[in-house]
1. Can you tell me which residue within the stretch 25-45, out of those that are touching a Lys or Arg at 6+ places or on another chain (Cβ under 9 Å) and not aliphatic (A, V, I, L, M), is nearest to Tyr73 (Cα to Cα)?
2. So which residues in the stretch 7-21 are of a type in the set (Ser, Thr, Tyr) and either more than 17 Å from Val33 (Cα to Cα) or more than 11 Å from the chain's Cα centre (by Cα) (or both)?
3. Just to be sure, is Glu47 modelled with pLDDT of 95 or more and part of a loop (DSSP other than H, G, I, E, B)?
4. If a residue has to be touching a Ser or Thr at 6+ places or on another chain (Cβ under 8 Å), more than 20 Å from Leu57 (Cβ to Cβ) and surrounded by 13 or more Cβ atoms within 10 Å (Cβ to Cβ) to count, how many in the stretch 11-41 make the cut?
Amino acid sequence: MGGSITVKSGEYTAEDLLERLRDGQRLVVQTEVLGNSEEMTLRYDGETYYCDTPTRLHKHDTAEEMRQCMEHYGYVMRD
């Protein structure tokens, strides 16, 4: 199992981040929200994908749901 790594929003593709999550890494995504610096934590426990924001915990049952969340919030590089 890997540890935590910090990435910048838009630095990697969704597949890159999903692969790291499946490898057991916890990802801290640095992003800006309304001009303020924020950190979001992405993780996977083998069954459920999680996206912890300062105000909400998103839970996703599939990699596709997690991909859509990461794309929606701009955490990943656009194709």
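The values are calculated or read from the model by the stated rules, or taken from the named source; none is laboratory data. Source: prediction; values computed, not measured. We place every Cβ from the backbone using ideal geometry, glycine too, and count neighbours over all the protein chains shown.
1. Restricting to residues being touching a Lys or Arg at 6+ places or on another chain (Cβ under 9 Å) and not aliphatic (A, V, I, L, M), the top hit is Thr31.
2. Correct list: Tyr12, Thr13.
3. For Glu47, the condition - modelled with pLDDT of 95 or more and part of a loop (DSSP other than H, G, I, E, B) - is met.
4. Looking only at that region, the number is 0.
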